[in-house]
1. Starting from residues that are open to solvent by 40 Å² or more (accessible area, probe 1.4 Å) and more than 17 Å from GLY576 (Cβ to Cβ), keep the ones in segment 419-432 and report whichever is modelled with the lowest pLDDT.
2. Could you count how many residues in segment 257-267 are part of a helix (DSSP H, G or I) and either more than 25 Å from ARG286 (Cα to Cα) or open to solvent by 50 Å² or more (accessible area, probe 1.4 Å) (or both)?
3. Within segment 301-359, how many residues are part of a helix (DSSP H, G or I), among the small types (Gly, Ala, Ser) and touching an Asp or Glu at 6+ places or on another chain (Cβ under 9 Å)?
4. Consider LEU442 against the criteria (1) open to solvent by 20 Å² or more (accessible area, probe 1.4 Å); (2) without any contact (Cβ under 8 Å) to a residue 40 or more places away in the chain; (3) out of contact with any Gly (no Cβ under 8 Å at 6 or more places or on another chain): it satisfies all of them except one. Which criterion is unmet?
5. Please find, among SER418, SER438, SER414, the residue that is under 30 Å from ALA161 (Cβ atoms) and in a loop (DSSP other than H, G, I, E, B).
6. Looking at PHE523, PHE589 in this structure, which one is under 30 Å from ALA187 (Cα atoms) and surrounded by 20 or more Cβ atoms within 10 Å (Cβ to Cβ)?
7. In segment 282-317, what count of residues is obtained for those that are crowded, with 21+ Cβ neighbours inside 10 Å, within 24 Å of VAL95 (Cβ to Cβ) and in contact with a Cys (Cβ under 9 Å, 6 or more places away or on another chain)?
8. For segment 456-483, what are the residues that are farther than 21 Å from ALA159 by Cα, open to solvent by 10 Å² or more (accessible area, probe 1.4 Å) and part of a loop (DSSP other than H, G, I, E, B)?
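The values are calculated or read from the model by the stated rules, or taken from the named source; none is laboratory data. This is a predicted model, so every value here is computed, not measured. Glycine gets a Cβ as well: all are built from the backbone with ideal geometry, and neighbour counts include every protein chain shown. The protein model used for the area step is the full one, side chains on, heavy atoms only, and it has no ligands, DNA or RNA in it. Shrake-Rupley method; radii C 1.70, N 1.55, O 1.52, S 1.80 Å.
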Amino acid sequence: MKFEPKDRRKLADAALGRIPCDLAIRNVKLVNVLTGEIYPAEVGILDGFIACVSADPDGSGAAFSIEAAGEYDGRGEFLLPGFIDAHVHIESSMVTPANMAAAVVPQGTTTIITDPHEAANVGGIEAVRYMIDAARDLPLRVYVLAPSCVPAVPGLEYAGAYFGPAEMDAMLDMDSVPGIAEIMDYAGVLDHSERMEGILEAGRRRGVFLQGHAPFLSGRRLNGYIASGIESDHESRTAAEAREKMRLGMFLDAREGSVSTNIETLVGAVKNFPSLANLTLCTDDREPEDLLTQGHMNYVVSRAVKAGLSPVQAITCGTLNVARELGLRNLGAVAPGWAADLQIVPDISEPKARAVFFGGELVAENGELVVPLPVRNFAQEHRNTVNVKVPDMDELRIKATGERARIRIVVYDSPQSSFTRIVEEEVPVKDGFLDLSSDPDLMFAAVINRHGRGNLAVAVVRGFGAREGAVASTVAHDSHNLAIVYDRPENALVAIKTLTDSGGGHCAVRNGTVTGHLPLPIFGLLSPLPCGPLVRQVNAMKEALRSLGVNTKNPVMRIVSITLPVIPEGKITDLGIVDVNAQKIVPLFVE
């Protein structure tokens, strides 16, 4: 893909000095990611594109004066391309695309490649269209990849949509969809399942970017995955993974998110390779508070520098390399004919943008947007997607016979881990129902299909953290059904009704009273609020959860992965307990 100026001849005339540029950026040290050099320069911009770069690093007299209608003084600071995030879920930040732009553009990010599979699991193709439409006319290029795994594991859960080859064709025909998002069903890829072959073929026919998701794949299996046409991976966690994938030609999207922080390991593993052309940077998931306090791609770049890259190498990995990964031929560098997405920073080791230009226009200065964002109204932002049948009390209890019953329990490995196991235990039975009251580490867990199917599964968890009350969320990866962990049905019902009425989000209940509520009314995943006010709501929700005993690093995230049947070893979906390793539903009661 290549951006085309509206008039190439006019752009050339501006470069030749026959007509003035719109803007000249003067008195800067240019970070040239094409050569790895830094030198004084001036840059002329016309119609959103770079017309010319005046510089004389060799002392040969190559510099020239640039005439322009306006100018911007770089104060001797560094001029570099706008950052590009190789892989991010906007939904993880719980904001709309416009509010995402408001948070990241002042920090130097001018392009993101996003996978909207969270919203798509709720709203289907309509949700993908929303993410595209809501990203239009922002001072941020948003490339929306077509989600490949909706639901994540068909047959083990029901989402709000099902994407197969026909849906993939429809999405790839949309504007701003340059490829297929993280292809996480690597077993389906390697076994040539009918669904995955159809999805891959839809991309291969068009020659679009195929984004990978291949944790711990190695050897023949990794070779087969790459040979299927998949080009990248953001799920590497070990040094050996990083080196093997880059050696086999994959783009290694080194990740530094709010949950997974892998930059130190991955960069340390590959920093001495003679070529880093296939090393890129991404965030994957970024909480709103981290966006405001740590940063976005500027933070990832600074982490890469601390891990051993030179500042120019790190900047290249967060700009030019990402553009080349996606096939964007004139984005991510400062050169004639390239898009004028630029930033000026005082320090390239810890880049904090003093000025950001998007399409040649100054859009942010000193950490604040200086242009208004479009005000638009989307029907999807006002539609309640929590379509559940509220259960009665007995449906939230587990019937049993005798004095004790042997059951399968989903056990959390540790307070900070999303990994869970299935163990067998005996629990008391009282008045015909399982009784957990004698063991404060045990809680009931229910998953209610919120997409109109009426499915309800109830199980038991150990080590969740809460000692009383109820914790509920419609953010429950990846199908985003309504998940509840609770002591008594009375508390669970209050949480269920609260989220059903509000359109989703997170809720905490103690003794029948709501003690915390984070409304996320857009798809049950997003808030209409900007990051600042949203962070205050998120922090209040965290405190409410901690008061119930959920004392993890981020209590809000504790419940969201209990439903994800691709993370070992035991999960709970709207269909029951899932043995992730065996990829099958297993009964609650042990025969």
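1. Our first condition is that a residue be open to solvent by 40 Å² or more (accessible area, probe 1.4 Å); within segment 419-432, this holds for 419, 421-422, 424-426, 430-431.
Keeping just the survivors that are more than 17 Å from GLY576 (Cβ to Cβ) gives 419, 425-426, 430-431.
Numbers: PHE419: 84, GLU425: 97, GLU426: 96, LYS430: 97, ASP431: 96.
The qualifying residue modelled with the lowest pLDDT is PHE419.
2. Looking only at segment 257-267, we keep the residues that are part of a helix (DSSP H, G or I), and these are 263-267.
Narrowing further to those that are either more than 25 Å from ARG286 (Cα to Cα) or open to solvent by 50 Å² or more (accessible area, probe 1.4 Å) (or both): 264-265.
Number satisfying all stated conditions: 2.
3. Just the residues of segment 301-359 that are part of a helix (DSSP H, G or I), to begin with: 301-306, 311-317, 320-326.
Now narrow it down to the ones that are among the small types (Gly, Ala, Ser): 302, 304, 314, 323.
With touching an Asp or Glu at 6+ places or on another chain (Cβ under 9 Å) added as a condition, the list becomes 302, 304.
So the answer is 2.
4. Every listed condition holds for LEU442 apart from (1).
5. On the way: SER438 fails: under 30 Å from ALA161 (Cβ atoms); SER414 fails: under 30 Å from ALA161 (Cβ atoms).
Answer to the selection: SER418.
6. Details: PHE589 fails: surrounded by 20 or more Cβ atoms within 10 Å (Cβ to Cβ).
Going through PHE523, PHE589 in turn, the sole match is PHE523.
7. Matching residues across segment 282-317 total 5.
8. GLY463, GLY465, ARG467, GLU468, listed by residue number.
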